[in-house]
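Everything below concerns the one structure shown next.
Only the coordinates and a few stated rules stand behind these numbers; no lab work does. Predicted model, so just to flag it, every value in this text is computed and none were measured. Please note: Cβ atoms are built from the backbone with ideal geometry, for glycine as well, and neighbour counts cover all protein chains shown.
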Ligand code: DC
C-alpha cells in the first residue's frame with residue numbers, strides 16, 4: 001500500500017485562531033488546506049436559500065450529499081474563493097448568523113455522515129492541514145499531528161470583535177460573547193462528534209499568544225514528527 005498523505009489536524013472552538021493558523025501553516029508547508037467549518041457554513045447558507053428548516057435532518061442530509069460547491073485556490077496568496085451553486089459566497093458565509101446556522105446543522109448525524117467523505121477527499125499529497133472541531137477525533141483519527149487550540153471566551157469574543165470591526169461591521173462585544181457561549185455549548189454538548197480534544201492531541205492555549213507564537217509552537221511539533229514541507 002502506498003503511504004497516505006500526512007495530515008495535521010487543528011481543532012478548537014470558534015475564535016481560537018485555528019483558521020488563521022491553519023492557513024498560515026498550510027502555506028508554510030506547501031500543503032493543502034481543509035476549512036471544514038466552511039462546509040457546515042455552506043450547508044446552513046444553502047438551507048436558508050432553499051427554504052429548508054434547520055431541523056429537517058433528512059432534507060439537510062440530502063442537501064449535504066449533493067452540495068454543489070467549488071473551492072477555487074488559484075488566487076495566489078489569498079484564501080480560496082468559495083462558489084456555491086454558481087454564486088460567490090466567500091464573504092457571505094463568514095458572518096455570525098451563518099455561523100449559528102452552521103452550528104445547528106452540524107449537530108445532525110445525517111449531515112455529518114454526508115460530509116465525512118467529502119472532507120476525507122482533501123487528504124492529498126504532499127499533505128493536508130485540516131481545521132475544525134472533529135478533525136483529530138473523527139475525520140482524520142490517524143493524523144500525524146493533532147493540535148487542540150483554545151483561548152478564553154472573553155479573548156475569543158474580543159478577537160472576533162476586532163475582525164468584524166475591521167470589516168466595517170456594526171458589532172457589539174457583549175452580544176458576540178453571548179453568541180460564542182451559545183455556540184460553544186452546542187458544539188461541545190452535541191451527541192455526534194462533539195468538540196473535544198483527541199486523546200493524543202497537543203493542547204495549546206492561545207489566550208496570551210500571538211498568531212506567530214502559536215504557529216512557531218505548531219511548526220516545532222511538526223518538525224519533531226518529521227513533518228516538513
Ligand atoms: O469553524 P467555524 O466557525 O467556521 O465553524 C462553524 C460551525 O460549524 C461551528 O459552530 C461548528 C460547526 N463545525 C463542526 O461541527 N465540525 C467541524 N469540523 C467544523 C465546524
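Would the chain count as rounded, prolate or oblate if I go by the C-alpha gyration tensor, calling it rounded below 1.5 in a/c and otherwise prolate when a/b exceeds b/c, oblate otherwise? Verdict is rounded for the chain. Extending 7 Å from the Cα toward the beta-carbon at both residue 56 and residue 85 defines two label points whose distance is 1.2 nm.
Using only the Cα atoms of the range 38-145, build the gyration tensor, take square roots of its eigenvalues as a ≥ b ≥ c, and label the shape rounded, prolate or oblate: rounded if a/c is under 1.5, else prolate if a/b is larger than b/c, else oblate. Because a/c hits 1.5 or more and a/b fails to exceed b/c, the range 38-145 counts as oblate. Remark: 125, 135 ranked as 125, 135, counting other beta-carbon atoms within 10 Å and listing the fewest first.
Contact order for the chain, expressed relative to its length and based on alpha carbon pairs under 8 Å spaced 6+ residues apart, stands at 34 percent.
Alpha carbon centre of the range 47-95 versus the range 21-46: separation in Å? Spelled out, the Cα-based centre of one part sits 13 Å from the other. By the count of other C-beta atoms within 10 Å, a proxy for reagent exposure, 165, 146 are ordered fewest to most as 165, 146.
When shorter helices are ignored and each DSSP H run of at least 4 residues is given -39500 (n - 2.57), the per-residue value for the chain at 222 nm works out to -14000 deg cm²/dmol.
Taking other C-beta atoms within 10 Å as the exposure proxy, 180, 8, 82, 211 rank 211, 180, 82, 8 from fewest upward. Counting 0.36 nm for each residue step from residue 118 to residue 175 and taking away their Cα separation leaves a gain of 17.2 nm. Taking each residue as 0.36 nm, the span from residue 202 to residue 4 lengthens on full extension beyond its C-alpha to C-alpha distance by 69.1 nm. Taking each residue as 0.36 nm, the span from residue 188 to residue 20 lengthens on full extension beyond its C-alpha to C-alpha distance by 58.3 nm. Treating each Cα of the range 126-181 as one equal point scatterer and applying the Debye formula with no solvent, the log10 of I(q)/I(0) at q = 0.12, 0.15, 0.17, 0.18 Å⁻¹ comes out as -0.44, -0.61, -0.70, -0.73. Under the shape rule built on the C-alpha gyration tensor, where the axes satisfy a ≥ b ≥ c, the range 151-210 is oblate, since a/c reaches at least 1.5 while a/b does not exceed b/c.
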